[in-house]
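Contents: one structure, followed by commentary.
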Amino acid sequence: MTCYIFADLMVMFGRDAYHAQITETLLLVFLLTPLVIGGPYLLAQWDKFKREDNARRRAAFRRRMERTAR
């Protein structure tokens, strides 16, 4: 599944191999997997927010320019 890099470090610092492997597996399942799966969704939401924000700013700038041109 993985190369268990963190598990090797935990074993090196005195943890037994079984619990180190289980700890790393749980870390991958509960912390890293949601980030990998949710990352694209969060980026899409951020992009949507920034596009709306930029459109709002451009519209406000356009209104200011129209007012000063009159």
Descending principal axes extents, the chain, alpha-carbon based, whole Å: 77, 21, 14
Cβ-defined net charge surrounding TRP46, 13 Å radius [Lys, Arg +1; Asp, Glu -1]: 0
Can you give me the span-like helices of the chain, meaning DSSP H runs with 24 Å or more of Cα extent along the axis and Kyte-Doolittle mean at or above 0.0? none
All other residues with a Cβ under 15 Å from the Cβ of ALA69 taken together, and with Lys, Arg as +1 and Asp, Glu as -1, what is their net charge? +4
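All of the numbers you see were taken from the coordinates with simple rules; none came from a lab. Source: prediction; values computed, not measured. Cβ: placed from backbone, ideal geometry, glycine included. Neighbour counts: every protein chain shown.
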